[in-house]
């Protein structure tokens, strides 16, 4: 059975690449309902051509591909919405003109998360085509708002039952059973010298470290800072252009309150310098400025926060409240998700660990600063599809997915599902 599944996946490699490239061609920015609906429909049509049953929420914000029978349901949570493209000049190819070369699939969404959509679908197809009797049900749940507030998942939960357990292929191997929390805080600075600022801008998504920041001043002076874009859960891997721009302004003698705040409380690594509110020894909560602009005569700054267990959203709000008078800002807490920790003793996670080791991938469990749909449902983890040695390019320019990793991940997911759905295991 295993060899037959692997042979099918090897033979399907070119098909998978083609479908990922097609899915990349939809510029399905989070919030663009039209393009996200088209993307979901593309996947559902493809699944129906394969012979799967499909469903969708009433607003088409979530598509579902179903396989198997039984009362127990295993969920696979993926998404087709993508973040902004950052600095277009840094892309080797246009971000939505998917390209297969040098052993990679290039394009926005290739890694996060359109590649995983097709990987998961073909893992299911590997079992489906072999007509293996399945004692449980699988739902591939395709969301459209993962990079924003999860209104899609809220709609899904109103209209469909939640799966018993499962995973989101929206991260790295090994198994991620613990995720930091997620908070966006918007600060509006009442700058005394606001008339000096004609324009300031950087960033196009709240969860991406921007690679370019620009400001134009009343006296005609312009400053541009070029950094390195990276996922905001790992700010130390990039160079935040907002921080670099703030340094340029300070060095030039411009005394803006937002500059003072950023350079006093945010380091180049994105960690707030005063971490006294962090309750767990050795834990670090990161605070990354991700978007800046002007709004109604004030400087608007978004800070994306990844907080560890022991830190609450209330603690974070208290920190910002304590500094608002000093720096002259008002603030609002936006999207907020608490950290998760899933027990490693669950039978399906033990099986997942066995399959990882079976394919030569390091097993075990890890914590991540990233946020995935795994937070949205009980007994869900993040698992792959990226190997530790692969380029970590989610939210970056020149995002790409290694083809050999695509094939390996498909085999691992198929093997996991085959064992999970056919072996006589107790309900989780």
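Since every read-out is calculated from the coordinates, none of them should be taken as a lab result. Since the model is a prediction, treat every value here as computed from it, not as a measurement. Ideal geometry is used to build each Cβ from the backbone, glycine not excepted, and the neighbour counts take in all protein chains shown.
Residue 264 to residue 338: FRET efficiency via 1/(1 + (r/R0)^6), r the Cβ-Cβ distance, R0 22 Å, to the nearest 0.05? Spell out each step's value before the answer.
On the way: r = 28 Å, r/R0 = 1.27.
Efficiency, rounded to the nearest 0.05: 0.20.
Within the listed set 131, 389, 257, the Gaussian network model of the chain (springs between alpha-carbon atoms below 10 Å) gives the highest mean-square fluctuation for 389. The GNM of the chain, with springs linking C-alpha atoms under 10 angstrom apart, assigns the highest mean-square fluctuation among 220, 115, 370 to 220.
Say R0 is 35 Å: what FRET efficiency, to the nearest 0.05, do residue 296 and residue 158 get from their beta-carbon distance? If you can, show how the numbers build up before the last one.
On the way: r = 35 Å, r/R0 = 1.00.
Result of the calculation: an efficiency of 0.50.
Largest first and in whole Å, the equivalent-ellipsoid semi-axes of the range 279-349 read 31, 15, 10, each the square root of five times a Cα gyration tensor eigenvalue.
Protection proxy ranking, highest mean first, for peptides 415-421, 189-195: 415-421, 189-195, where packing is the per-residue count of other beta-carbon atoms within 10 Å, averaged. Multiplying the residue separation of residue 248 and residue 130 by 0.36 nm and removing their Cα-Cα distance gives an extension gain of 36.3 nm. Modelled spin labels at residue 362 and residue 324, positioned 7 Å past Cα toward Cβ, are 4.3 nm from each other. Fewest-first ordering of 19, 97 by other beta carbons within 10 Å of each residue's beta carbon gives 97, 19.
Just the number, please: Stokes-Einstein D of the chain in µm²/s, Kirkwood Rh from C-alpha pairs, 37 °C, 0.692 mPa s. Don't jump to the answer; show the numbers that get you there.
Values: Rh = 22.4 Å.
Taking Rh from Cα pairs, D becomes 147 µm²/s.
Here the range 182-337 is treated as an ellipsoid with the same Cα gyration tensor; its semi-axes, largest first and in whole Å, are 25, 17, 13. Taking the average, over residues, of other Cβ atoms within 10 Å as the packing measure, peptides 352-363, 22-33 rank 22-33, 352-363 from highest down.
Once you sort the root eigenvalues of the Cα gyration tensor of the range 341-428 as a ≥ b ≥ c, which label holds: rounded (a/c under 1.5), prolate (a/b larger than b/c) or oblate (the other case)? Before the final figure, lay out the partial values.
On the way: a/c = 2.15, a/b = 1.41, b/c = 1.53.
Oblate shape, in that a/c is at least 1.5 and b/c is the bigger or equal ratio.
Calculated mean residue ellipticity, 222 nm, the chain: -9500 deg cm²/dmol, from DSSP H runs (n ≥ 4) at -39500 (n - 2.57) each, averaged per residue and rounded to 500. Here the peptides 47-54, 141-148, 371-378 are ranked by packing, the mean other Cβ count within 10 Å, and the order with the highest first is 141-148, 371-378, 47-54. Does the range 319-369 classify as rounded, prolate or oblate by the C-alpha gyration tensor (a ≥ b ≥ c root eigenvalues; a/c under 1.5 gives rounded; else a/b over b/c gives prolate, otherwise oblate)? Judged from the Cα gyration tensor, the range 319-369 comes out prolate (a/c at least 1.5, a/b above b/c).
Each principal axis of the Cα cloud of the range 1-49 was evaluated for its coordinate range; sorted largest first, these ranges are 42, 19, 16 Å.
Compute the Cα gyration tensor for the range 4-93, then decide on rounded, prolate or oblate, letting a ≥ b ≥ c be the square roots of its eigenvalues: rounded whenever a/c is under 1.5, prolate when a/b is larger than b/c in the other cases, and oblate in all that remain.
Details: a/c = 2.34, a/b = 1.32, b/c = 1.78.
Cα axes put the range 4-93 in the oblate bin.
For the pair residue 387 and residue 59, label points projected 7 Å from Cα toward Cβ lie 4.1 nm apart. Could you check which residue among 159, 345, 228 shows the biggest mean-square fluctuation in a GNM of the chain with a 10 Å Cα cutoff? Judging by the Gaussian network model, the answer is 345.
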